[in-house]
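> Below is one structure. I have some questions about it.
The values are calculated or read from the model by the stated rules, or taken from the named source; none is laboratory data. Only a predicted model underlies this, so the values are computations on that prediction, with no experimental measurement involved. So basically every Cβ, Gly included, is an ideal-geometry build from the backbone, and we count neighbours across all protein chains shown.
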């Protein structure tokens, strides 16, 4: 199985809802790191699993949607606690939607909230 991965960084704000998490219930920012990896069993005739240029463009578009935003205000997160788990799931959906008929078997998205904390989601395509 081959894996190709790309990462980006962005700053966004959020506040947690549905529980008493002290200062986390107040709007605050994080310096997030988004890592996307794509997995598949075969390379194309050029020796690529998937063109990194396509992944770069897709991630740039995702970062534009998230950078300097309050995550609670993003339509797809409405009513949800904007945890890194939910954010990873949303980004995974955006990657999936942005790669029509990709020659891959799985997408994995990892979101780092800081150097020590991250969450990921892995979605099987086939």
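> Could you go through the stretch 104-116 and let me know if any residue there is within 8 Å of the chain's Cα centre (by Cα) and under 18 Å from residue 72 (Cα atoms).
yes
> Moving to a separate point now. For residue 23, are the conditions met, namely being surrounded by 14 or more Cβ atoms within 10 Å (Cβ to Cβ) and either over 18 Å from residue 88 (Cβ atoms) or touching a residue at least 60 places away in the same chain (Cβ under 8 Å) (or both)? Don't jump to the end; show me each part of the working.
Numbers: surrounded by 14 or more Cβ atoms within 10 Å (Cβ to Cβ): no; either over 18 Å from residue 88 (Cβ atoms) or touching a residue at least 60 places away in the same chain (Cβ under 8 Å) (or both): yes.
When the stated conditions are applied, residue 23 does not pass them.
> Of all residues in the stretch 70-96, which are outside any helix (DSSP H, G or I) and surrounded by fewer than 20 Cβ atoms within 10 Å (Cβ to Cβ)?
70, 74, 78, 79, 80, 81, 83 - these are the residues of the stretch 70-96 that are outside any helix (DSSP H, G or I) and surrounded by fewer than 20 Cβ atoms within 10 Å (Cβ to Cβ).
> Then there is this: Residue 6 fails exactly one of the following numbered conditions: (1) at pLDDT below 95; (2) farther than 16 Å from residue 119 by Cβ. What is the number of that condition?
(1)
> Anything in the stretch 29-69 that is loosely packed, with under 12 Cβ neighbours inside 10 Å and in contact (Cβ under 8 Å) with a residue 60 or more places away in the chain? List them, or say none.
Listed by number, the residues that qualify are 41, 42.
> Could you check the stretch 114-126 and list, in sequence order, the residues that are modelled with pLDDT under 95 and surrounded by 13 or more Cβ atoms within 10 Å (Cβ to Cβ)?
The one that is modelled with pLDDT under 95 and surrounded by 13 or more Cβ atoms within 10 Å (Cβ to Cβ): 125.
> If you check residue 107 against the conditions, is it within 17 Å of residue 14 (Cβ to Cβ), surrounded by 15 or more Cβ atoms within 10 Å (Cβ to Cβ) and modelled with pLDDT of 95 or more?
Here the answer is no, as residue 107 does not meet what is asked.
> For the stretch 88-110, give me each residue that is closer than 18 Å to residue 17 by Cβ and in contact (Cβ under 8 Å) with a residue 40 or more places away in the chain.
The answer is none; no residue qualifies.
One line per residue, one yes/no per condition, for (1) at pLDDT 95 or above; (2) within 29 Å of residue 101 (Cβ to Cβ); (3) under 12 Å from the mean Cα position of the chain (by Cα):
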{"position": "37", "(1), (2), (3)": "yes, yes, yes"}
{"position": "44", "(1), (2), (3)": "no, yes, no"}
{"position": "50", "(1), (2), (3)": "no, yes, no"}
{"position": "56", "(1), (2), (3)": "yes, yes, no"}
{"position": "60", "(1), (2), (3)": "yes, yes, yes"}
{"position": "63", "(1), (2), (3)": "yes, yes, yes"}
{"position": "69", "(1), (2), (3)": "yes, no, no"}
{"position": "72", "(1), (2), (3)": "yes, no, no"}
{"position": "88", "(1), (2), (3)": "yes, yes, yes"}
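> Yes or no: the stretch 31-45 includes at least one residue that is out of contact with any strand residue (DSSP E or B) (no Cβ under 8 Å at 6 or more places or on another chain) and farther than 20 Å from residue 85 by Cα. So that I can check it myself, show each step before the final result.
Start the filter on the stretch 31-45 by keeping residues that are out of contact with any strand residue (DSSP E or B) (no Cβ under 8 Å at 6 or more places or on another chain), which leaves 44-45.
From what's left, farther than 20 Å from residue 85 by Cα: 44-45.
Yes, the stretch 31-45 contains a residue that is out of contact with any strand residue (DSSP E or B) (no Cβ under 8 Å at 6 or more places or on another chain) and farther than 20 Å from residue 85 by Cα.
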